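A quick write-up on the structure given underneath.
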Amino acid sequence: MDYREKLKNLLISLGAAKVGFGYLEDVLPNKYKHLKTGISVIFRLSDQIINEIEEEPTHSYFHHYRTVNYKIDQIILSGVSKLQQWGYLAMPIAASQSVNIDGNKYKGIFPHRTAATRAGLGWIGKNACLITKEFGPRIRLGTILTNMEVAYDEPITNSFCGDCNKCVKACPALALRGNMWYAGIKREELIDAQACSEHMSNHYKHIGRGSVCGICIKNCPVGTNVIRIG
């Protein structure tokens with residue numbers, strides 16, 4: 001068994017629902033281009049908790065969201081440790097982390113969704129979330145960057161949302177543009193992130209200090225009993 005399969009089996013044994021390997025050198029910042037391999041890790045959220053979301057997020061969803069982020073960080077940390085034991089460089093990208101790089105907007109070190117689409121795990125929906133054929137957007141993501149070269153999975157470069165606009169219609173912030181994703185599209189063409197953030201802050205302060213919503217995730221039919229792709 002090669003290192004790719006050993007690592008994949010390890011991550012799944014620790015709780016990952018899906019693991020994929022993507023080539024990222026051409027989209028990484030210069031200082032990370034030597035870590036050309038992106039290992040994308042998916043953790044499946046509780047259907048019961050997502051199903052309970054109606055007009056607003058629930059306290060259960062907020063705590064589940066936070067706990068899953070911690071769990072993902074532990075899973076990818078174990079992967080990084082194993083890669084280093086094998087003699088490779090490896091860097092974990094936290095499940096939920098944003099930094100003020102340019103003095104204006106907060107964003108992640110590297111987008112999990114890019115790593116996941118490059119690893120063939122899913123596409124970006126009209127809700128700007130990663131959608132997998134098995135679980136829809138009812139997932140959270142983590143990423144490992146490493147210089148270990150592997151056989152890469154086939155990237156996904158186009159959306160499978162079709163004419164569905166359920167998430168767009170359900171968004172209480174009117175933040176979703178309704179555009180179809182394709183590789184390279186700007187995030188701003190999919191979502192008004194400021195409108196989303198401000199709506200959460202203004203309306204959900206009593207639930208997780210206004211940091212979560214989940215309504216667009218709840219309303220996506222993919223990954224539910226309504227639609228399963230494949």
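Read the figures in this text as sums done on the coordinates, not as results from a lab. Everything numeric in this text was worked out from a predicted model, so none of it was measured. Cβ coordinates were reconstructed from backbone atoms using ideal geometry, including for glycine residues, and neighbour counts include every protein chain displayed.
Report the gain in length on full extension from SER13 to ALA151: 0.36 nm times residue separation, minus Cα-Cα distance, nm rounded to one decimal. Could you put the intermediate results ahead of the total?
On the way: separation 138, 0.36 × 138 = 49.68 nm, distance 2.09 nm.
So the chain would gain 47.6 nm between SER13 and ALA151.
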Self-check item: Computed E for TYR70/ALA170 - FRET, C-beta separation, R0 30 angstrom, nearest 0.05
Solution: 0.60
Self-check item: LYS18 long-range amide H proximity, modeled H, under 5 Å
Solution: ILE42
Exercise. Using only the alpha-carbon atoms of the chain, report the extent along each of the three principal axes, biggest first, to the nearest angstrom.
Key: 49, 43, 32
Practice problem: Round to the nearest 0.05 the FRET efficiency obtained for HIS34 and GLU188 when R0 = 25 Å and r is the Cβ-Cβ distance. | Solution: 0.25
Quiz item: Residues of segment 118-141 with amide nitrogen under 17 Å from the 7 Å Cα-to-Cβ point of ASN179?
Solution: 124-130
Quiz item: Where the centre of each part is set by its Cα atoms, how far does segment 139-180 sit from segment 1-48, in angstrom?
Solution: 16
Quiz item: If you count, for each residue, the other Cβ atoms within 10 Å and average over each peptide, how do 152-159, 140-147 line up from highest to lowest?
Solution: 140-147, 152-159
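Set the Förster distance to 35 Å, then compute FRET efficiency between TRP86 and PHE160 from the Cβ-Cβ distance, nearest 0.05.
Details: r = 36 Å, r/R0 = 1.02.
Efficiency at R0 = 35 Å is approximately 0.50.
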Quiz item: Counting other Cβ atoms within 10 Å, which chymotrypsin sites (Phe, Trp or Tyr not before Pro) in segment 19-89 have at most 15 and lie in a DSSP loop?
Solution: TRP86
